[in-house]
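Step one of this worksheet: look at the structure below.
No value in this document is a laboratory result; all are computed from the given coordinates. Since the model is a prediction, treat every value here as computed from it, not as a measurement. Using ideal geometry, Cβ is built from the backbone for each residue, glycine included, and neighbour counts are taken over all protein chains shown.
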Amino acid sequence: MPRDFLKGAQDEYDVVVIGSGLAGLTSANILGRAGHRVLLLEQHYKLGGLATWFLRPGSHTFDISLHGFPHGMIKSCRRYWSRDISDRIVQLKNIRFDNPQFSLTTTFDREDFSRLLVERFGQNPETVKSFFDTARGMNFYDDQTTTTGELFERFFPGRNDIVRLLMEPITYANGSTLEDPAITYGIVFSNFMSKGVYIYEGGTDDLIKRMTRELESNGVDIRINCPVESIDVNDGRVRAVNVGDRTIRCRAVVSNANLRTTILKMIGEEKLDADYVRRTNEVRLNNSSTQVYMALKEGETIDESSGDLFFTSTADEFKTESLLSRDITSRTFSFYYPRTRPWKKKERYAIVSSTNANWSDWNDLSEADYNASKQDLVETTIDALERYIPGVREKIDHAEAATPRTFQHYTRHEMGASFGTKFEGLGVSRDLPGQIGGMYHAGSVGIIMSGWLGAINYGVIVSNEVDQLLTSESSPV
Ligand SMILES: Cc1cc2nc3c(=O)[nH]c(=O)nc-3n(C[C@H](O)[C@H](O)[C@H](O)COP(=O)(O)OP(=O)(O)OC[C@H]3O[C@@H](n4cnc5c(N)ncnc54)[C@H](O)[C@@H]3O)c2cc1C
C-alpha cells in the first residue's frame, strides 16, 4: 500500500499553504506564529522549492539557488524567522567581472560602484549620484512605461560597457532585461547596492532545517509528497483544497505554486471574471536557467582570490539574447569555500556555474540529444573555468548539469521559470483575493517579488493580509 502522507492530518484548517518555497514557508511561519491552524502542503519530498540542495557520493552537497541576495535578508529573517537564522547571513566581498569590455573586482555596493563609474568608466560624479538616487527613489506607483534600457540611455548614453556592469548581475539575479520596466531594475539594483551581496553560511540544507524547526515550534502541520490538484470555491469564497483522495476544508489558501498554474489549473477559469482570465493568460513567465555543479576531490583546494561570485562573458558586448542563448557566452561562477559553506563531515570546495536559459532550447530535444547537450554543457563549462583556474579539470571529482527541464520537474513551474513571472504577474497575483475571497498567491512574481528576498518579503505581505482576514472574521462584531 502506498504511504499516506496525510495520515493524521485534520479535515479542516484555518489556512492551507500550497508549496514550500521561501514565500510559502514564510507565510506558513507567520500565520502559525499568529495562532492560526496552518497546513503546509508540498508536492516534492523536500521543503524549500528552488531554495534547495542535493547530495552526491563523496560528501558533496550542492546548493541550487544560494549564490547571493541583498542585505535586507538579515532583517527579514530576524523578524519573520529567528536570530539563529539571520546571524548566519554573511557578506560576499569578492565579486569579480571578466569580459571583453572590462575586468574588475568589487564589493558590489554603492560606494564602490560610484568609485568605479567615476575613476574607471570616466563618469561625472554628479551624474553617478543622480543615477543612484533615481534608482533608489523608484517605487511601485512610479511610471511603469520607462524601460531599464531607456533609464541607462538617459544617464549613460551609448555606454554599453556601463550597461553591462550595471545590468549583467541583475539579469543573472532575476532574469530582467533592458526591455522590462525600469522600476523592476531600480528596486532590485538598489537593494543590492545598499550594502552588497550576502549569502547564508552553512548552506541551504542548514537553512531549511532551521526553518522547519521554527515552523514545527509554531504548530504548522507540514506534509511533503502532497500535490494539491484543485481548489474548491463556492459563493465566491475559497472552501477547500483537494489532495489525493482528501478534501481539506479551510477559510483561506495561500498558493506558492506558479501563478498561472494556480489560477488557470488549480482554481479554473470558470470561477473567475473573463477579464481576469485574459490578464492571467497574458502574464509572461520569466526565463529559466542551466547550471553546472562541480565538486573538487578531497584535499584539493581553490585559492580564495578566485572570488565569491564571478560574472564572466566572452560576448563582445552586452545583449539580452546572448545571455539566454544555448550558444553560451556568459557564465556566473559561485565559489563555495569551507569558509562560506562549512562542510559538516569533510571539508570540500565546490563551484556552481549558472547561465540564464530558454525553455525551448531544452524542451524540444529528443532524450538522446538532451543527454548529449547536458554533457556538452558540463564539458564546455569546465573548459571555460580552466581559463581562470588552470588544471581545475583534474581536481574535479564530480560534475553534472541541471536544465530548465530539471527545474520544471522539481517545482512544477511552467517552462522551468527560475524567477516567476514578468512584471504584469504582480498585479494579477495581488488581485486574486478580489476574485475569490480568502484566496491568495505568494511567490516569485513581477521580478520585484522574486529571488530569495523578494519571495520572503512577498510571503510576509500576503500572510499579514490573511491574518487580517482571519482575525476580522473571528472577532465578535
Ligand atoms: C538556478 C537558480 C539560481 C538562483 N539563484 C538565486 C540567487 O542567487 N539569489 C536569489 O535571491 N535567488 C535566486 N534564484 C531565485 C530564487 O531561488 C527564487 O526566486 C525563490 O527561491 C522562489 O521562491 P518561491 O517562494 O517563489 O517558491 P519556489 O521556490 O518556486 O517554490 C514553489 C513550491 O511550490 C511547490 N508546488 C508547486 N505546485 C504544487 C502543488 N500543486 N502542490 C504542492 N506544492 C506545489 C513546488 O514544489 C515548490 O516547492 C535562483 C533560481 C534558480 C532556478
Note down the nm distance, to one decimal, between modelled labels 7 Å out along Cα→Cβ at Q144 and at E229.
-> 3.6
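Using only alpha carbons, build the gyration tensor for the range 283-385 and give me the equivalent ellipsoid semi-axes, biggest first, whole Å.
27, 17, 13
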Among beta bridges that DSSP assigns inside the chain, antiparallel share in %, nearest 5 | 70
Which residues make up the longest stretch of the chain clear of chymotrypsin sites (Phe, Trp or Tyr not before Pro) that lie in a DSSP loop with no more than 12 other Cβ atoms within 10 Å, not counting the sites?
-> 142-477
What is the distance, in nm, between label points placed 7 Å from the Cα along the Cα-to-Cβ direction at D327 and at R246?
-> 5.2
Report, largest value first, the span of the C-alpha coordinates of the chain along each principal axis, in whole Å.
-> 64, 52, 47
Could you check the simple spin-label distance between K129 and R79, using points 7 Å along Cα→Cβ, in nm with one decimal?
-> 3.0
Cα-only Debye scattering, the range 388-477: base-10 log of I(q)/I(0) at q = 0.11, 0.17 Å⁻¹ = -0.50, -0.83
Taking the Cα atoms of the range 109-195, report the difference between the largest and smallest coordinate on each principal axis, in whole Å and largest first.
-> 33, 28, 24
Any lysines whose Cα falls less than 30 Å from that of K46, other than same-chain ones fewer than 8 residues away, would be K7, K75, K209, K265, K297, K344, K345, K346, K374, K422
In whole angstrom, note down how far apart the Cα centers of the range 415-460 and the range 206-221 are.
-> 23
Thinking of the range 219-287 as a set of Cα atoms, what percent of all their pairs are more than 18 Å apart?
-> 43
Over the chain: helical MRE at 222 nm, DSSP H runs n ≥ 4 each giving -39500 (n - 2.57), nearest 500 = -11500 deg cm²/dmol
